1. Rounded to two decimals, what is the ratio between the C-alpha radius of gyration of segment 146-196 and 2.2 N^0.38 Å?
2. For segment 1-90, take the convex hull of the Cα atoms, compute a quarter of its surface area, and give me that in nm², please.
3. HN-Hα J couplings of segment 161-175 from phi, Karplus 6.51/-1.76/1.60, θ = phi - 60°, integer Hz, Gly and Pro as x?
4. When you take every Cα atom in the chain, what is the radius of gyration, and what is Dmax, the widest Cα pair distance, in Å?
5. Which parts of segment 149-187 would a label at residue 136 reach, counting a residue when its backbone N lies under 18 Å from a point 7 Å out along Cα-to-Cβ?
6. At q = 0.19, 0.25 Å⁻¹, what log₁₀ I(q)/I(0) does segment 176-224 have when each alpha carbon counts as one equal point scatterer in the Debye sum?
7. Can you give the relative contact order of the chain as a percent, counting alpha carbon pairs under 8 Å and 6+ residues apart?
8. Just read off the accessible area of residue 196 with the full protein assembly in place, 1.4 Å probe, to the nearest 10 Å².
Amino acid sequence: MDTTVPMLLITANVGSIFEDPDNMLTSWVAEFLKVVTEKRPLFMAMHCQEVGGKNYETCMAHVNDLVKLLLGSEELQCYNRLRVYLDEDFRPADKFTALGNFYFIHKDLDNITLWDFDESKFVPVNDKQIHAGSIEEITTKEKDKFPQHFFPDHKWSRKGFIRTRWCINSRVFDLINIHLFHDASNLVAMETTPSTFRDSRERAFDYLLNRFETDRYQTAPHFIFGDFNFRLDAQSVVQRLTTQTTPVYVKTSKNELKKIMYQEKGNEEKIVLTIEKKLFDHGDKHTEAFIVDNGKWGFTPTIMEFGSNVLTRAVMQTRAVFLF
């Protein structure tokens, strides 16, 4: 008897769609449903990061619009069981992760249970449940932030994980939504190789793996998918893009580095690359360098889509190209 279960595992940083819901929310959901229709999984997990967007105090209300669009769609009516975990309560800085886990179970899938981390046993999944707002007391998930000293400058941000454990046809596995640290400053990221931000990501990931190996629960296979915030080595990227340039350093009144402009040698009016804390601008060659001529990096980079059309093929000029 074939016990194979078609599964679809999706990860998405959804922050931007809540900041421009009128233009992006419907389009994003349409693309998601197109994938579901094509793959036709019996079990589907979608791990989201930055639920509510960067301006979560004002945009968190739009998360409910996403849930309504998904649950009201014709394509998902055959999924008669559901578990959703939305960490929306931003008041406790030491707990808020802005992570969202969606699990859809097809009507044709039997023999599925979900682990209760408090009772240490599997429980039936027979209905649709949406846990939103403060989800600290929900025991069918494990949620935590990384220790505060892991965070750059020891400042809290929305970085952590949510884990669920499933049993399908007697096969037990963990699904883990993770959000690792981003490069908070391009200027800092390019100072060393590897960067201090990469070290923070590595330390947090090692901490997570060690935690799962040594906690009180029996070890199970992990599927870890989320926003790893993986970056190219910023220092090496800058060196490759600025071989025929002269750097100009712009500082603040407090003598702090504010900007680096790389001028083309022999043509001071031509700025090849501009770097600020939140700016990485390769000028008119920005998209060409990271999309058209992506072979120079040895892989096709993941792109950050923006604008009124969610499918715009362009790279945001905020930092060096990134993955995941």
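The values are calculated or read from the model by the stated rules, or taken from the named source; none is laboratory data. Nothing here was measured: the structure is a model prediction, and the numbers come from that model. Positions of Cβ are generated from backbone atoms using ideal geometry, with glycine treated the same way; all protein chains shown enter the neighbour counts. Remember, those area values only see protein heavy atoms, side chains included, never the ligands or the DNA or RNA. Shrake-Rupley method; radii C 1.70, N 1.55, O 1.52, S 1.80 Å.
1. On the way: Rg = 16.4 Å, N = 51, 2.2 N^0.38 = 9.8 Å.
This ratio for segment 146-196 stands at 1.67.
2. Working: hull surface 25.3 nm².
Its average projected convex-hull area is 6.3 nm².
3. These are the phi-based 3J(HN,Hα) values: 8, 10, 10, 10, 10, 10, 10, 10, 6, 6, 9, 9, 7, 9, 10 Hz.
4. Rg, Dmax (Cα atoms, Å): 21.8, 73.
5. Hits in segment 149-187 for residue 136 at 18 Å: 156-163.
6. Debye curve over Cα of segment 176-224, log10 I(q)/I(0) at q = 0.19, 0.25 Å⁻¹: -0.68, -0.92.
7. Details: 619 pairs, mean separation 42.6, N = 324.
Averaging sequence separation for qualifying contacts and normalising by length gives 13 percent for the chain.
8. Approximately 70 Å² for this residue.
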